[in-house]
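K.L.:
I am attaching a structure below and will ask some questions about it afterwards.
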Amino acid sequence: MKRILSLAFLVSAFSFQDLKADSRDMFNFEIDEVNTELAQVEELDQYLDQNENVSFAELQATNSALVANVSDQAMMSPAMAKRHRVLGIPSWIWGCVFGVAGVAIVYFVSENKDETKEALWGCVGASVVGIILYFAVFAAAATSAASTI
Amino acid sequence: MGGNFTFIPIALKRILTGLLLVFLCQAAMAQDFYRISGNFSIKSKDDSIYSLTRGSFYYDLNFKKVVYELTFPEKEIWVLSDSMIFRMRGDTLFEKTEGASIVEFSIFHLILNNKLHDYGLKESIYNLKEVEKKRDMIIYTWAPPMVMSSMLGKVLLSQQDKRLYGLIFLNKDEEVLRKQFFRSYTNISGLEFPSEIVDLVYVEGLEIVQKTNYKNIKVNESGNNAMYNYPIPE
């Protein structure tokens with residue numbers, strides 16, 4: 001009986017240790033990974049340290065690579081970044097599948113500039129792929145027609 | 001015998017001098033911090049969209065308004081007051097948002113009230129459920145009251161060297177909603193301030209990464225009253 005109780009204690013002690021190990025591991029994070037993720041805006045931040053009065057609009061007007069894929073909206077908290085996705089579907093899919101209509105849906109429902117931009121890119125991407133496929137099929141059909149003649 | 005009599009007052013004098021010094025040191029350390037300001041830079045990445053927001057912040061315990069003077073991407077003033085957020089461009093109010101009470105949980109309020117080490121959870125609705133020591137870290141588990149456990153999840157708080165290191169917010173199913181890390185503490189006139197805060201937020205299967213850096217921190221600044229008590233438009 002004593003042995004069983006000791007064993008039960010040991011098992012529970014080990015499982016307790018496991019839980020504790022998990023909670024400590026949850027606080028592990030790599031700052032280097034965060035810095036790598038944010039490298040582009042880090043560069044922009046350093047540029048603004050040297051050029052304090054330069055605005056986003058001025059950088060955009062000169063097609064600066066520093067503001068490529070950078071939002072023109074201020075973001076003070078990650079809570080603000082909560083996606084304004086229509087029906088929870090990524091905006092680029094709306095643009096990709098429904099074209100201009102999808103972009104319009106995202107624009108009117110989400111009322112969010114960045115989401116609309118994403119939908120627009122989806123629409124453009126789908127159009128480019130469509131054109132390439134059209135020419136590829138057309139070329140293939142022309143080649144096979146020529147070979148049969 | 002006479003030597004003993006002279007010895008006692010000298011010893012007493014030394015003890016009193018020592019006590020006075022300790023008292024003066026404590027008084028100097030315990031000076032009231034009521035006002036804080038500085039520069040900030042917030043970098044974030046949400047899916048494939050980056051964001052950079054820069055400017056200055058002002059907070060005074062007497063006015064309870066967090067004032068952000070943004071310089072990038074656009075010149076704007078943000079005033080966080082009680083449960084409202086006001087956004088102004090020039091003198092024009094262009095956005096007014098209602099939300100939860102955010103000022104009391106702003107790091108500026110917590111730091112000035114010496115509550116950052118427990119993130120103010122001690123005086124919140126959360127109850128301390130567990131404390132565990134893991135190597136260099138002490139981890140506290142805070143749980144919401146039973147009546148709210150169907151809506152709210154636990155909060156894990158870790159401390160390193162008695163300073164707040166990390167926060168993990170869980171939902172009711174114990175899934176991670178948000179992780180926050182407080183780094184690179186600096187001592188400004190006796191006030192400990194984390195000059196870097198990293199946020200990892202998990203929304204709809206995406207991880208939003210945000211890093212906030214603070215610099216040029218001023219404590220108990222005497223001028224600039226207009227910014228600390230920025231007028232809120234009617």
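K.L.:
I'm trying to understand the selection: among the residues of the range B:146-187, which are within 13 Å of chain A (Cβ to nearest Cβ) and of a type in the set (Asp, Glu)?
P.N.:
B:Glu174, B:Glu175 - these are the residues of the range B:146-187 that are within 13 Å of chain A (Cβ to nearest Cβ) and of a type in the set (Asp, Glu).
K.L.:
Those residues that are part of a strand (DSSP E or B), within 12 Å of another protein chain (Cβ to nearest Cβ) and not β-branched (Val, Ile, Thr), I need them from the range B:188-211; list them, please.
P.N.:
Within the range B:188-211, B:Glu196, B:Asp199, B:Leu200, B:Tyr202, B:Leu206, B:Glu207, B:Gln210, B:Lys211 meet the criteria.
K.L.:
May I ask you to verify whether B:Leu93 is hydrophobic (A, V, I, L, M, F, W, C) and modelled with pLDDT of 90 or more?
P.N.:
no
K.L.:
Now a separate question. Residues that are in the same structural domain as B:Asp60 (by TED's automatic domain parsing), in contact with a Leu (Cβ under 7 Å, 6 or more places away or on another chain) and buried (at least 16 other Cβ atoms within 10 Å of the Cβ): list the strands (runs of 3 or more DSSP E) wholly contained in the range B:92-180 that include at least 2 such residues.
P.N.:
Where strands (runs of 3 or more DSSP E) fall fully within the range B:92-180 and carry at least 2 residues being in the same structural domain as B:Asp60 (by TED's automatic domain parsing), in contact with a Leu (Cβ under 7 Å, 6 or more places away or on another chain) and buried (at least 16 other Cβ atoms within 10 Å of the Cβ), they are B:137-143, B:155-160, B:163-170.
K.L.:
Could you tell me whether any residue of the range B:212-220 is under 18 Å from A:Asn28 (Cβ atoms), in contact with a helix residue (DSSP H, G or I) (Cβ under 9 Å, 6 or more places away or on another chain) and within 13 Å of chain A (Cβ to nearest Cβ)?
P.N.:
no
Quick grid of which residues meet (1) under 17 Å from B:Lys218 (Cβ atoms); (2) within 14 Å of another protein chain (Cβ to nearest Cβ); (3) not in a strand (DSSP E or B):
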| position | (1), (2), (3) |
| --- | --- |
| B:Asp32 | yes, no, yes |
| B:Ile36 | yes, no, no |
| B:Ser41 | yes, yes, no |
| B:Lys45 | no, yes, no |
| B:Leu52 | no, yes, no |
| B:Phe57 | yes, yes, no |
| B:Phe63 | yes, no, yes |
| B:Tyr68 | yes, yes, no |
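K.L.:
Pairs please, first residue from the range A:17-35 and on the phi < 0 side of the Ramachandran plot, second anywhere and at pLDDT 85 or above and part of a helix (DSSP H, G or I), Cβ atoms under 8 Å, 6+ apart in sequence or on different chains.
P.N.:
A:Asn35/A:Glu42
K.L.:
Taking the range B:70-89 as the region of interest, how many residues are within 21 Å of B:Glu104 (Cβ to Cβ) and either touching a helix residue (DSSP H, G or I) at 6+ places or on another chain (Cβ under 8 Å) or at the interface with chain A (Cβ under 8 Å from one of its Cβ atoms) (or both)?
P.N.:
Total satisfying the criteria: 4.
The values are calculated or read from the model by the stated rules, or taken from the named source; none is laboratory data. Every value quoted in this text rests on a predicted model; they were computed, and no experiment measured them. Heads up, the Cβs are rebuilt from the backbone with ideal geometry, glycines too, and the neighbour counts pull from every protein chain shown.
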